[in-house]
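Notes follow the structure.
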Amino acid sequence: MNSSNLKILLSEYERKRMNAIYDAERRKFDLYEKHPELQEIDDELSKEAINTSKQIITSKDPSLIKELNDKLSLLKEKKNNILKSLNIDENYLKPKFECNDCNDTGYINNNYESIMCHCLKQKLFDIEYNKSNISNLERDNFDNFSFDLYSDEINEEKYKSKNSPRKNIEFIYKLSKKFIDNFDDKEQKNLLFTGNTGLGKSFLSSCIAREILKKGKTVLYQTAPVMLDTIMDFRFGKENSSKDIYDNILNVDLLIIDDLGTECINNMKFSELFNIINTRLLNNSTKTIISTNLSLDNLFSTYDERIVSRLVGNYDICHFYGDDIRFIKK
């Protein structure tokens, strides 16, 4: 990761966190001013909490500790009853952090080890790798997905299918929803989107990415040419290249590889692509979406059998067909 980007983001996190804490304090004091009995209860809660902590450390009398805990419970209940009578949720007085997993610190504790939170990791991914690829998630989402852009016409000769483009996209849509719902299931297959340009493959990938991000997962979105060229730069030790990108490609929760088949292929890139696909299959906690304009036959003729066999065996293959929806939208 770029240390300067991390430093900038951590400064932003600190500002966000302090603003959330300040806003919570302001709400609390405004409430105290209107309802001083709440401040009295909070002051007593603080005093009793200190007393309880001291007794736990120094006293061996369990009845005394139980008495103090019961008193704390009664005070909390009294406070909650007052808040309910005012139609105020108890969370109203807590800081409203953007990320409740790390409380806007960027890090969480895991078995006494501090690790980077998914939210901070994703922001770094967006800056350093995703760039413009998934910058339109507010627009490219399932709320804006329309089946009406796909024809009801059944034309087996034209589409090489007995289903209409609309019936087909409805099936792909259901597979995509299943992929999202079962993302953490190790039995859930990955997704391979094939078909001509302008049929919604990238749009649907972005829709899925948005839902996976809402689950608190990380998403890395790269075109095949950029991804493989970046890895080659790292392999050859080029300036400003980093092992981080390779580790992140292998370990990110959801990797989206777009435009497979448009890269300049050589044996080294074949090997790197196979290693990425194979390593992520072995990691039951990660999923991959691959999008390509190549047909399945063209994939077999372009890539070696090791790569294609893993795609066929471990990916739900979604063949997009129909008319270019970019022109239909106009």
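Identify all residues within segment 65-104 that are among the aliphatic types (A, V, I, L, M) and surrounded by 14 or more Cβ atoms within 10 Å (Cβ to Cβ); write none if there are none. Steps first, answer last, please.
From segment 65-104, those among the aliphatic types (A, V, I, L, M) are 65, 68, 72, 74-75, 82-83, 86, 88, 93; that's our starting set.
Passing the criteria: Ile65, Leu68, Leu72, Leu75, Ile82, Leu83, Ile88, Leu93.
Just for segment 309-330: of the residues that are buried (at least 18 other Cβ atoms within 10 Å of the Cβ) and closer than 25 Å to Ile245 by Cα, which one is nearest to the chain's Cα centre (by Cα)?
The residue in question is Tyr315.
Among the residues of segment 112-126, is there at least one that is more than 30 Å from Ile208 (Cα to Cα), surrounded by 13 or more Cβ atoms within 10 Å (Cβ to Cβ) and modelled with pLDDT of 75 or more?
no
The values are calculated or read from the model by the stated rules, or taken from the named source; none is laboratory data. As the structure is a prediction and not an experimental result, all values here were calculated from the model. As a convention, Cβ positions derive from the backbone with ideal geometry for all residues, glycine included, and neighbour counts pool all protein chains shown.
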